[in-house]
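Each reported figure results from applying straightforward, stated rules to the coordinates on display, with no laboratory input. A quick note: this is a predicted structure, and the numbers were derived from the prediction, not measured. Cβ placement follows ideal geometry from the backbone for every residue including glycine, while neighbour counts extend to all protein chains displayed.
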Amino acid sequence: MSEDSLGGRFTFPGTSLTVQRIGYGAMQLAGPGVWGPPKDPDGAVAVLREAVAAGVNHIDTADFYGPHVTNQIIRRALHPYPAGLVIVTKLGARRPPDQSWQPAISPQDLAAAVHDNLRNLGLDALDVVNYRALGSIHGRKEGPIAEQVTVLADLRRKGLIRHIGLSNVTAAQVAEAQAITGVVCVQNNYNLAHRHDDALIDDLARQGIAYVPFFPLGGFTPLQSSTLSAVADRLGATPMQVALAWLLHRSRNVLLIPGTSSIAHLRENLAAGQLTLSPRTLAELDGIAAATLAVKH
């Protein structure tokens, strides 16, 4: 695929890291519940290699996926890594044997997680590390993150981390982190129906900071999905492709990391970069968020 077909390029601020705007999220490479190995490890390797062959050079992962499994698959599939490949990982959680998701945010936890990522990915330094703030998978909550960001800044000075990002954070937490260190990206829950971060996206865009939405189709009601499906039918696309294309149109600093364990689904996701949405179609899709607000109020 050409670089334009993957949404164009974006350079993380203050770095030499330039990526295609459509990347790949590796969470689904682990087994069910993001736990243990996948049923088809060779298939997982094939998906990663297909993504990179198609031009993807931004992979999002975490060593607590599996745990350890996803990073080990990435290493098996792609190491030695091709020039220009940017691997972004995240810290802040752990997976005990009961398969739950628990916070892991002490200085010792964070340092150990960096070393786990380095070892399992086979790297000497991590390109970008996101600190994932506490809160539910779908929700954020205010609270200080200075201690954790300071730990990452220290690990960066030691050369183990090149750049720092944030995940599951509020605008106030972004500002708190920026008072300590440079922030190159923010990864939050955002999609057509859940647009709580509109102001934050615009603020980050002014600063040239990447915004990376997760759950691009999460939390839709049947009514909202019917609107999306109608647009998709008209365009000869899938609802997921339209949702991804809308995110690319939303702002030039938006980077996508759709995940899948299927090569066919991967190709569908990457093809979203070739969809053109007219002003009329964009307005129709924007109405999904307005309808969501109307239902809540």
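Rounded to the nearest 0.05, what FRET efficiency do residue 199 and residue 18 have when you use their Cβ-Cβ distance and R0 = 25 Å? Let's see the in-between values first.
Values: r = 27 Å, r/R0 = 1.06.
Taking R0 as 25 Å, the efficiency between residue 199 and residue 18 is 0.40.
Convex hull volume of the C-alpha atoms in the range 1-129, normalised per residue: 111 Å³.
Here the range 69-95 is scanned for amide nitrogen atoms under 20 Å from the site 7 Å beyond the Cα of residue 39 along Cα-to-Cβ, giving 69-70, 73.
Taking amide H as placed 1.01 Å from N in the peptide plane, residue 189 has its amide H under 5 Å from the amide H of 168, 214, each at least 5 places away in sequence or on another chain.
Positive end of the dipole of the chain (Cβ unit charges, origin at the Cα centre): among 247, 52, 216, the Cα lying farthest that way belongs to 52.
Legend: P(r) of the chain from all alpha carbon pair distances, 10 Å bins from 0, whole percents, reading 6, 29, 37, 23, 5, 0.
In this structure, residue 150 and residue 221 have a Cβ-Cβ separation that, at R0 = 45 Å, corresponds to a calculated FRET efficiency of about 0.65.
For the range 115-177, which trypsin sites (Lys or Arg not before Pro) pass both filters: DSSP loop (anything but H, G, I, E, B) and at most 14 other C-beta atoms within 10 Å? It would help to have the intermediate numbers written out before the result.
Details: sites: 119, 132, 140, 141, 156, 157, 158, 162; in loops: 140, 141, 158.
When the trypsin sites (Lys or Arg not before Pro) of the range 115-177 are filtered for loop state and at most 14 Cβ neighbours within 10 Å, 141, 158 remain.
Using the average count of surrounding beta-carbon atoms within 10 Å as a protection proxy, the listed peptides 189-196, 257-264, 238-245, 63-70 rank, highest first, as 63-70, 238-245, 189-196, 257-264. Using R0 = 30 Å, the C-beta based FRET efficiency linking residue 4 and residue 171 works out to 0.40. Rounded to the nearest Hz, the phi-derived 3J(HN,Hα) couplings of the range 15-27 under the Karplus curve 6.51 cos²θ - 1.76 cosθ + 1.60 (θ = phi - 60°) are 10, 9, 8, 10, 10, 5, 6, 9, x, 9, x, 8, 4, where x marks glycine and proline.
Annotation: amide H-H contacts under 5 Å for residue 164 (H modelled 1.01 Å from N, sequence separation of 5 or more, or interchain): 129, 184.
Here the sum of -39500 (n - 2.57) over DSSP H runs of 4 or more residues, divided by the residues of the chain, equals -12500 deg cm²/dmol at 222 nm, to the nearest 500.
This model, with +1 at the C-beta of Lys and Arg and -1 at the C-beta of Asp and Glu, gives the chain a dipole about its Cα centre of some 160 debye. The 3J(HN,Hα) values that the Karplus relation (6.51, -1.76, 1.60; θ = phi - 60°) gives for the range 191-208 are, in residue order, 6, 3, 8, 10, 10, 4, 9, 3, 5, 5, 4, 5, 5, 5, 4, 4, 8, x Hz. Gly and Pro appear as x.
Could you give the length gained by full extension between residue 206 and residue 283, i.e. 0.36 nm per residue of separation minus their alpha carbon distance, to one decimal place? Don't skip to the answer; put the middle values down first.
Working: separation 77, 0.36 × 77 = 27.72 nm, distance 2.30 nm.
That pair, residue 206 and residue 283, stretches by 25.4 nm at full extension.
Mind jotting down the distance between the C-alpha centroids of the range 181-197 and the range 1-71, whole Å? Spelled out, the Cα-based centre of one part sits 19 Å from the other.
Computed from phi, the 3J(HN,Hα) profile of the range 253-270 under the Karplus parametrisation 6.51, -1.76, 1.60 (θ = phi - 60°) reads 8, 7, 10, 10, 9, x, x, 6, 9, 10, 5, 4, 5, 4, 4, 4, 4, 5 Hz, with x in place of Gly and Pro.
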